[in-house]
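Colleague: Take this structure, written in structure tokens, and hold onto it; I'll ask about it next.
The values are calculated or read from the model by the stated rules, or taken from the named source; none is laboratory data. No experiment lies behind these values; they were computed from the predicted model shown. Areas reflect the complete protein model, heavy atoms only, side chains present, ligands, DNA and RNA absent. Shrake-Rupley method; radii C 1.70, N 1.55, O 1.52, S 1.80 Å.
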Amino acid sequence: MTDTVSSTESRPAHLTRTAALETVAATAALLFNNGQTTERVVIAAERLGHALGVPLTLHPHWGELALQVKGAPFSEMVPVTPIAVDMGKVLAVMTVVDQVCDGALPREAAGPALAAAGRLPPASTPRFALFAAIGAASLGVLFGALDVPSLLLIALSAGAGALLRRWLVTLGGNPFIQPLCAAALAGAIAAAADRLRLAEAPSLVALCPCMMLVPGPHILNGAIDLVRTRITLGLARLAYAGLILLMICAGLLTGLAGGGATVLAAGASAPVPLAADVIAAGCAVAGFGTLFSMPWRLLPVPVIAGMLAHAARWAMISLAGAHVAAGALVACILASIIITPVTDRLHLPFAALGFSAVVSMMPGFFLFRAASALAELVSVGPDAPADLLTSVVVNGTTAFLIILAMTIGLILPRMLFEHFLPAPASRRWPSAIPDTRDN
């Protein structure tokens, strides 16, 4: 028995065509499910397929990936829904792809390495809750909540919501339950804070923890897919993100109603000094990077990009007198210029990293003010003053323009980089395709 095992281990290992195809399918599924940009998933899968001797074409769809081997009836259908965001897993999988294609990792070892990458745990629960609290409190500072009680309540609400989300994950079930319940908890805490007069900004106590639930990477990935004419996939991603936003709103309103409050009045945002703005932006970026399971050693990258981008936004609005949408456009262009080469170099998901850097610019405050005015308009009825309708239109339009500006600002430099500075051919396809044996 010992001689047989020794003899078997001494022979060079080969992957059958079926095994190679399954390895590529596992790679594509892990990348697709954990937030990697669709184009990068396609490039990585096709590059690995060439390295393993099965040149193929990857066709991504919502709910499945289709891998078609070129010149052969061989194909593989992989059921996978891109609803997670985990930068640690994406980085680990892309490292395996590079090592196999560069010859640093034996082809037969790719499967076990991918399995190990797929088992990587997300950020620990204490870190997840702590950074959710830090990120939400930092958003409170950016939106003008400078009193300590409000910031403490925001942090408490976001941290408790993060713990609730982690507990719900262990129960499995529908992915929309997590944002619904976390937003309901934020609404209940904000309603209690308003009733007991515990905070000067109860509206931000409700808003900031909910901002930590916004599915930014799905919105950006959907927009990028639309730009690349993957219309069906892009619309599916945006529909999924829209449903999450709907669950956040429903949960928040339910929590407020359960606490005996309606939509809380949202006053004007207080101006924030440059130093406080930049530092709070960096803390908010660190919070979102942790929510997306970014490794510690890479966290400074989006933090620096976010701080520089926020400084540019502050200068545009406070010094140049630009509209908030114009400030967001300039800031996101700067952030994208910094982030794009880093994501290409390290094979990180652009949508997750880019959104982490600029999430603090999301127009949650304008949306909240629009919702507040709309709720008051409905409750008052025909006798409502005209300025309520004006507030709904102005704040809603401003929020739309900011989101549009942020999307364009992040995507445009990314597309220009890919057009004028494409990846070298050696990073896409190996120079030689190894032989494999059919089953």
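Colleague: Sort out for me the Cα centre separation of region 214-246 from region 13-63, rounded to whole Å.
Modeller: Using only Cα atoms to place each centre, the spacing works out to 22 Å.
Colleague: How fast does region 56-188 diffuse by Stokes-Einstein, in µm²/s, taking the Kirkwood radius from C-alpha pairs at 37 °C and 0.692 mPa s?
Modeller: 179
Colleague: Here's another thing I want to ask about it. From Cα pairs below 8 angstrom and at least 6 apart in sequence, can you work out the relative contact order of region 59-101, rounded to a whole percent?
Modeller: Here the relative contact order equals 28 percent.
Colleague: To continue, here is another question. Of all alpha-carbon pairs in region 279-322, indicate the percentage at a distance above 12 angstrom.
Modeller: 58
Colleague: I've got another one for you. At q = 0.12, 0.13, 0.20, 0.24 Å⁻¹, what log₁₀ I(q)/I(0) does region 169-280 have when each alpha carbon counts as one equal point scatterer in the Debye sum?
Modeller: Ignoring solvent entirely, the Cα scatterers give -0.55, -0.63, -1.01, -1.14.
Colleague: Same structure, new question: Could you report the chain's accessible area per residue, 1.4 Å probe, as an integer in Å²? Intermediate values should be presented prior to the final figure.
Modeller: Values: 18990 Å² over 439 residues.
Accessible surface, normalised per residue, equals 43 Å².
Colleague: Another question about this same structure. Can you give the extra length, in nm with one decimal, that the chain gains between His419 and Val393 once fully stretched, where that is 0.36 nm per residue apart less the Cα-Cα distance?
Modeller: Working: separation 26, 0.36 × 26 = 9.36 nm, distance 3.80 nm.
Length gained, His419 through Val393: 5.6 nm.
Colleague: Pop out the carbon and sulfur fraction of the accessible area of the chain as a percent, whole number, probe 1.4 Å.
Modeller: 67
Colleague: Please work out the Cα center distance from region 91-140 to region 341-399, rounded to the nearest Å.
Modeller: Centre-to-centre distance over Cα atoms comes out at 31 Å.
Colleague: Here's another thing I want to ask about it. If you project the alpha carbons of region 16-98 onto the principal axes, what extent comes out on each, in Å, largest first?
Modeller: Taking max minus min along each principal axis of the Cα atoms, region 16-98 gives 34, 26, 19 Å.
Colleague: Taking one equal scatterer on every alpha-carbon of region 279-401, how large is log10 of I(q)/I(0) by Debye at q = 0.11, 0.16, 0.19 1/Å?
Modeller: -0.47, -0.78, -0.95
Colleague: Identify which of Pro209, Pro217, Pro382 has the largest mean-square fluctuation in a Gaussian network model of the chain, with springs joining Cα atoms closer than 10 Å.
Modeller: Evaluated over the chain, the most mobile residue of the options is Pro382.
Colleague: Still on this structure: What translational D, rounded to a whole number of µm²/s, comes out for region 204-354 from Stokes-Einstein when the hydrodynamic radius is the Kirkwood one over Cα pairs, at 20 °C and 1.002 mPa s?
Modeller: Numbers: Rh = 17.3 Å.
My calculation gives 124 µm²/s for D.
Colleague: Could you give the radius of gyration (one decimal) and Dmax (whole number) of the Cα atoms in region 97-160, in Å?
Modeller: When restricted to Cα atoms, region 97-160 yields Rg and Dmax of 20.6, 59 Å.
Colleague: Using only the alpha carbon atoms of region 140-179, find the Kirkwood hydrodynamic radius as the inverse mean reciprocal pair distance, in angstroms to one decimal. List each step's numbers first, then the result.
Modeller: On the way: mean 1/r = 0.0866 Å⁻¹.
So the Kirkwood estimate lands at 11.5 Å.
Colleague: Right, another one. Which of the helices in the chain, when you take each full DSSP H run, stretch at least 15 Å along the axis at their Cα atoms and have an average Kyte-Doolittle score of 1.6 or higher?
Modeller: In the chain, the long hydrophobic H runs are 231-258, 274-291, 324-346.
Colleague: If you don't mind, another one. Please give the direction-averaged projected area of the C-alpha convex hull for region 59-116, in square nanometres with one decimal.
Modeller: 5.1
Colleague: Could you work out the percent of alpha carbon pairs in the chain separated by over 30 Å, rounded to a whole number? Please list the in-between numbers first.
Modeller: Values: 44422 of 96141 pairs.
For the chain, the fraction of Cα-Cα distances above 30 Å is 46 percent.
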